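Undergrad: Have a look at this one.
What follows is calculated from the coordinates using simple rules that are stated; it is not laboratory data. Only a predicted model underlies this, so the values are computations on that prediction, with no experimental measurement involved. As a convention, Cβ positions derive from the backbone with ideal geometry for all residues, glycine included, and neighbour counts pool all protein chains shown.
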């Protein structure tokens, strides 16, 4: 205990210990891997090699980090206000569907410089609208935004299934999926790489969210509501308006992520578009300590793990789903480490 | 389309019989969360606890060939998750929302990973025999009522006593009194010489056991198989039903049966999907009903006063 007591006072020692505790995720996962009859060292080595071994792996990581980062940034704004939006998955789906609808209707008829911004805006608007109901019900009636936003995920999921099966289905295919986006409605790639400009938008949003949180009156208000809603109310802040605003903004970010994923990676929509990024982003926001740059780091870490899992699967035969467990244990041990090292007030 | 089929007796009776069955997993989870929340801890991890309980139940029932061992395994798995939740939220005082969200992703990912790794993904998933129906003599012969309520499996009959025992424990025992005090005025309870943390540990672990059992009953007692995403939001539905039932086990039964009916309608009407009413609308139904159920409940009125707040002896 003496060591921990002393380290609490020293910021460097404190962070080192938090990182050490966080990395307990590896031995815990290792034990499970061992029980399944696989060599854990080999498994982790192949995970790392798959994640960072090639240039292609690194560009795949950046592609996957893009939606995770965007959704995570939106959640930071909501969570800072103590509004627990866990409906990002549905908001992401809504944004993606809004974008592809515009893209399929007008793709090829109007120039890229017009249709791409319109599709992105459509994604933002649809994502925000999907978050409106939980926000309003929370602000006006005090209903749990957690439950309502989560229920909306399932409504979105089946909405997606319907939309790709009937209204937007490509009649030339047997399977329920939309047609491919016209080339003019796709996000261009950067300098011949596989990374699209959505990546740059996501990076720009890191700075945007940092700015909103710390340099605007709105950011101050939402943090005030988050730390003590009744005190904020007393200080003249309109709490209801803050609640609806942060829901709309976090929905907008998830919607933008959905639009960018459709326009930069898939180029069509099918049921598989609902890929669980909205849930992974919850972990990313927590691991990033609700700090935009922390979220940037966490999004890259988690994306790298997912990319590495493919290689691990082929190398040692462990299912890719293992990385989601690793991600959850990383966040759990990070919370444990932070709690143990928390300074006594 | 044979809409008139929907109005036939046989269809309606089997609809409600299935509604009772489908209400059970959610009911168990709701009862578990009521106990947990009455002690002052809000455990958001239900979805994850149900998923890992569903997997453990299925796996053990598959290996042993005995559904009851599977159910026991799912309850024990629930206890372990409850212990973890207690340690995170009570001992370490980690924000209960964050701890719960982590538990959701932990349980879901572990359940799905282990299933894929051990059983593989194939076109025809491995199956076990679900619990057989045990019609109660005489009672099951009552028209309509008999088939709906008294031709269920053994486990379904056990639920009502469980709910009654819980109701009695909460309202008429010393432990129940301490439980409620721990959620209302923990500082007074501590002053009176009771260990608040211990009461909360007990409540969270017992509650989580019921939640895990709910997941296990879905896969072993009912479906006879595990599929990815099998819990499909039932953990979150239970969270809504806790509010709907105003932390009252009796009202929880009504809430769960409403959900079970929506779920049952969804299962049966999918086949009636058409150009006019796509079947996806029916699939959405249970979730929309849940939002509506939440709307009918006055959220803040009956919530335990100290719900969601961690407790330190020093802070008195």
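Undergrad: Over all residues in B:283-294, what is the mean tally of Cβ atoms on other chains that come within 10 Å of each residue's Cβ? Intermediate values should be presented prior to the final figure.
TA: Working: counts 7, 10, 2, 2, 11, 4, 1, 5, 10, 1, 1, 7.
Mean partner shielding for this stretch: 5.
Undergrad: OK, next. Beyond 13 Å, what share of the Cα-Cα pairs of segment A:66-105 is found? Please give it as a whole percent.
TA: 58
Undergrad: Then there is this: In what sequence do A:84, B:167, A:214, A:130 fall when counting other Cβ within 10 Å, fewest first?
TA: Least to most surrounded, the residues fall as A:214, B:167, A:84, A:130.
Undergrad: I want to verify a result. In a Gaussian network model of chain B, Cα cutoff 10 Å, which of these has the top mean-square fluctuation: B:170, B:227, B:142?
TA: Its mean-square fluctuation being the largest, the pick is B:142.
Undergrad: Now for a separate question. I'd like the FRET efficiency for residue A:314 and residue A:56, computed as 1/(1 + (r/R0)^6) with the beta carbon distance as r and R0 of 22 Å, rounded to 0.05.
TA: Working: r = 15 Å, r/R0 = 0.66.
Once the sixth-power term is evaluated, E becomes 0.90.
Undergrad: While we're looking at this one, here's another question. So how far apart, in nm, are the two label points at residue B:122 and residue B:164 if each is 7 Å from Cα heading toward Cβ?
TA: Going from the residue B:122 label point to the residue B:164 one covers 4.5 nm.
Undergrad: Can you show me the helix-derived [θ] at 222 nm for chain A, built from DSSP H runs with n ≥ 4 at -39,500 (n - 2.57) apiece and divided by the number of residues, rounded to the nearest 500.
TA: -24500 deg cm²/dmol
Undergrad: How much length is gained if the chain between residue A:238 and residue A:297 is pulled fully straight, taking 0.36 nm per residue apart and subtracting their Cα-Cα distance, in nm to one decimal? Show your work: numbers first, answer last.
TA: Values: separation 59, 0.36 × 59 = 21.24 nm, distance 3.31 nm.
Extra length from residue A:238 to residue A:297 when fully extended: 17.9 nm.
Undergrad: Then there is this: Going by C-beta contacts inside 10 Å, put B:172, A:313 in order with the fewest on the left.
TA: Taking fewest neighbouring Cβ atoms as first place, the list is B:172, A:313.
Undergrad: Using a Gaussian network model on chain A with a 10 Å cutoff between Cα atoms, which of A:193, A:184, A:275 fluctuates the most?
TA: For chain A, modelled as a Gaussian network with Cα springs under 10 Å, the answer is A:193.
Undergrad: Compute the long axis of helix B:67-86 from its Cα atoms, compare it with the longest principal axis of the Cα atoms of chain B, and write down the angle in degrees, 0 to 90, nearest 10.
TA: For helix B:67-86, the angle is close to 30 degrees.
Undergrad: Evaluate Rg over Rh across segment B:115-194, taking Cα atoms for both radii and Kirkwood's formula for Rh.
TA: Taking Rg over the Kirkwood Rh, I get 1.28.
Undergrad: Beyond 19 Å, what share of the Cα-Cα pairs of segment B:232-282 remains, rounded to the nearest whole percent? Intermediate results must be reported in sequence, preceding the final value.
TA: Values: 490 of 1275 pairs.
Result: 38 percent of Cα pairs exceed 19 Å.
Undergrad: Also, I was wondering about something else. Let me understand the protein assembly as shown better: what is its radius of gyration from the alpha carbons, and its Dmax, in angstrom?
TA: In Å, with Rg to one decimal and Dmax whole: 24.9, 78.
Undergrad: Another question, then. Using the beta-carbon distance between residue B:296 and residue A:132 and R0 = 30 Å, what value does 1/(1 + (r/R0)^6) give for FRET efficiency, to the nearest 0.05?
TA: With R0 = 30 Å, the Cβ-Cβ based efficiency is 0.90.
Undergrad: Which value results when the Cα radius of gyration for segment B:173-228 is divided by 2.2 N^0.38 Å?
TA: Details: Rg = 16.5 Å, N = 56, 2.2 N^0.38 = 10.2 Å.
Dividing the Cα radius of gyration by 2.2 N^0.38 Å gives 1.62.
Undergrad: OK, next. In Å³ and rounded to a whole number, note down the convex hull volume per residue for the Cα atoms of segment A:142-241.
TA: 181
Undergrad: Roughly how many whole Å is it from the C-alpha centroid of segment A:278-345 to that of segment B:222-273?
TA: 31
Undergrad: If the viscosity is 0.692 mPa s and the temperature 37 °C, what Stokes-Einstein diffusion coefficient in µm²/s follows for chain B when Rh is the Kirkwood radius over Cα pairs? Please report the intermediate quantities before stating the final value.
TA: Details: Rh = 20.1 Å.
Reported coefficient: 163 µm²/s.
Undergrad: Between 0 and 90 degrees, rounded to the nearest ten: what's the tilt of helix B:279-296 against the longest Cα principal axis of chain B?
TA: Compared with the principal axis, the helix lies near 30 degrees.
Undergrad: Moving on to the next point. Return the Rg/Rh ratio of segment A:229-345 with Cα-based radii and a Kirkwood Rh.
TA: Ratio of gyration radius to Kirkwood radius for segment A:229-345: 1.07.
Undergrad: In peptide A:276-285, how many Cβ atoms from other protein chains are near each Cβ within 10 Å, on average?
TA: The per-residue average across the peptide is 3.
Undergrad: Express in nm, to one decimal, how much length is gained between residue B:184 and residue B:69 on full extension, taking 0.36 nm for each residue of separation and deducting their alpha carbon distance.
TA: Full-extension gain reported as 37.7 nm.
Undergrad: Between residue A:12 and residue B:192, what's the calculated FRET efficiency when r is the beta-carbon distance and R0 is 45 Å? Round to 0.05.
TA: Values: r = 44 Å, r/R0 = 0.98.
Efficiency, rounded to the nearest 0.05: 0.50.
Undergrad: Hey, what angle do you get for helix B:196-216 against the long axis of chain B, alpha-carbon based, 0 to 90 degrees rounded to 10?
TA: 10
Undergrad: Please check: in the Gaussian network model of chain A (C-alpha springs, under 10 Å), which one of A:104, A:248, A:70 has the largest mean-square fluctuation.
TA: Of A:104, A:248, A:70, the Gaussian network model singles out A:104 as fluctuating most.
Undergrad: Semi-axes, largest first, in whole Å: what does sqrt of 5 times each Cα gyration tensor eigenvalue give for segment A:60-158?
TA: Details: eigenvalues 148, 51, 27 Å².
For segment A:60-158, the ellipsoid semi-axes come out as 27, 16, 12 Å.
Undergrad: Let me ask you something else. Along the principal axes of its C-alpha atoms, what lengths does segment A:68-288 span, in descending order and rounded to whole Å?
TA: Result for segment A:68-288: principal-axis Cα extents of 60, 37, 30 Å.
Undergrad: Roughly what would the spin-label model give for residue A:190 and residue A:228, points 7 Å off Cα along C-beta, in nm?
TA: 4.3
Undergrad: For residue B:270 and residue B:305, calculate 0.36 nm times their separation in residues minus their Cα-Cα distance, and state this gained length in nm to one decimal.
TA: 8.3 nm
Undergrad: Separate question: Which whole number gives the average count of other chain Cβ atoms within 10 Å of the Cβ atoms across peptide B:89-99?
TA: Mean partner shielding for this stretch: 4.
Undergrad: Which of B:237, B:257, A:282 comes first, and how do the rest follow, when ranked by fewest Cβ neighbours within 10 Å? Please report the intermediate quantities before stating the final value.
TA: Details: B:237 33, B:257 19, A:282 24.
Fewest-to-most ranking of B:237, B:257, A:282: B:257, A:282, B:237.
Undergrad: While we're looking at this one, here's another question. How high is the relative contact order of segment A:68-288, in percent, counting Cα pairs under 8 Å that sit 6 or more residues apart?
TA: It rounds to 45 percent for segment A:68-288.
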